[in-house]
Amino acid sequence: MNGPLLTTARYELWQPQVGDLADLFELTRDEETRRFLGNFVPTEMDSFTRLTRNAGSWALWGYGTFMVRAKGNGRIVANCGVFRSHRGFGTEQGLDNVPEAGWIVHRDAWGQGLASEVMTAAMAWFDATHGRQRVACMIEQGHVASEAIAMKLGFLRYGQQVPDEGAPLGLWERV
């Protein structure tokens with residue numbers, strides 16, 4: 001790919017590329033950044049899995065998460081967008097084989113409106129390209145900032161999933 005697929009006032013949104021592995025690993029290595037991403041310490045292999053899963057969503061469904069960079073800067077500061085999900089919670093929970101919105105923002109960029117700006121652009125692109133449809137997301141209980149972003153994007157909470165380990169997850173949807 002020669003350039004970003006989307007741009008916002010401050011950011012460039014790129015499809016995943018082979019060279020993104022190191023930056024994606026750095027994004028999730030920061031303990032504070034992953035505070036609401038479950039109980040895990042990522043390895044480089046986890047980041048490789050995330051990268052190939054995201055690239056696979058693009059290849060199979062024509063959408064996925066974007067690698068987000070500040071304009072004029074090569075470093076990934078976030079991984080945001082709509083991807084194809086299968087969480088294994090069961091079809092009654094509404095997160096198996098569905099479009100799912102998600103955003104991971106490095107803590108250095110928190111409080112600057114990055115997730116709202118980027119996700120507004122990503123959701124508009126998704127709707128224009130794939131038609132407006134139900135999109136789900138899950139947010140770890142207590143992540144007030146992400147809940148505010150979800151509401152701003154038009155998501156409403158519809159349920160909860162309690163994993164074997166970690167905090168309960170609020171289940172959200174935009175229909």
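Since every read-out is calculated from the coordinates, none of them should be taken as a lab result. Just so you know, these numbers come straight off a predicted model, no measurement behind them. Note that each Cβ is placed from the backbone with ideal geometry, even for glycine, and that neighbours are counted across all protein chains shown.
Which net charge results when you count Lys and Arg as +1 and Asp and Glu as -1 among the other residues whose beta-carbon is under 14 Å from that of L114? Could the numbers behind the result be given before it?
On the way: positive: R10, R69, K71, R75, R107, K152; negative: E12, D108, E117.
Overall, the nearby charge balance is +3.
At what distance in angstrom do the alpha carbon centres of segment 121-175 and segment 39-94 lie from each other?
Here the two parts' Cα centres lie 15 Å apart.
For the chain, what is the calculated [θ] at 222 nm in deg cm²/dmol (nearest 500), taking -39500 (n - 2.57) for each run of four or more DSSP H residues and dividing by its residue count? Spell out each step's value before the answer.
Values: 4 runs with 53 residues, N = 175.
So the calculated ellipticity at 222 nm is -9500 deg cm²/dmol.
Take every Cα pair under 8 Å in the chain that's 6+ residues apart, average their separations, divide by the length, and report that relative contact order as a whole percent.
Answer for the chain is 18 percent.
Please sort 58-64, 161-167 by packing, taking for each peptide the average over its residues of neighbouring beta carbons within 10 angstrom, highest first.
Top of the packing list down: 58-64, 161-167.
At what distance in nm do the modelled label points of D127 and V18 sit from each other, each positioned 7 Å from its Cα along Cα→Cβ?
Computed distance between label sites D127 and V18 equals 3.7 nm.
Where nothing but the Cβ of Lys and Arg (+1) and of Asp and Glu (-1) is charged, how large is the charge dipole of segment 6-131 around its Cα centre, in debye to the nearest 20? Could the numbers behind the result be given before it?
On the way: 12 positive and 15 negative charges, 29 e Å.
Dipole about the Cα centre, nearest 20: 140 debye.
Once the Cα gyration tensor of segment 6-131 is diagonalised, what are the square roots of 5 times its eigenvalues, in whole Å and ordered largest first, as equivalent ellipsoid semi-axes?
So the equivalent ellipsoid measures 21, 19, 14 Å along its semi-axes.
Once amide H atoms are placed 1.01 Å from N in the peptide plane, what residues at a sequence separation of 5 or more from V77, or on another chain, have their amide H within under 5 Å of its amide H?
V68, R69, A70
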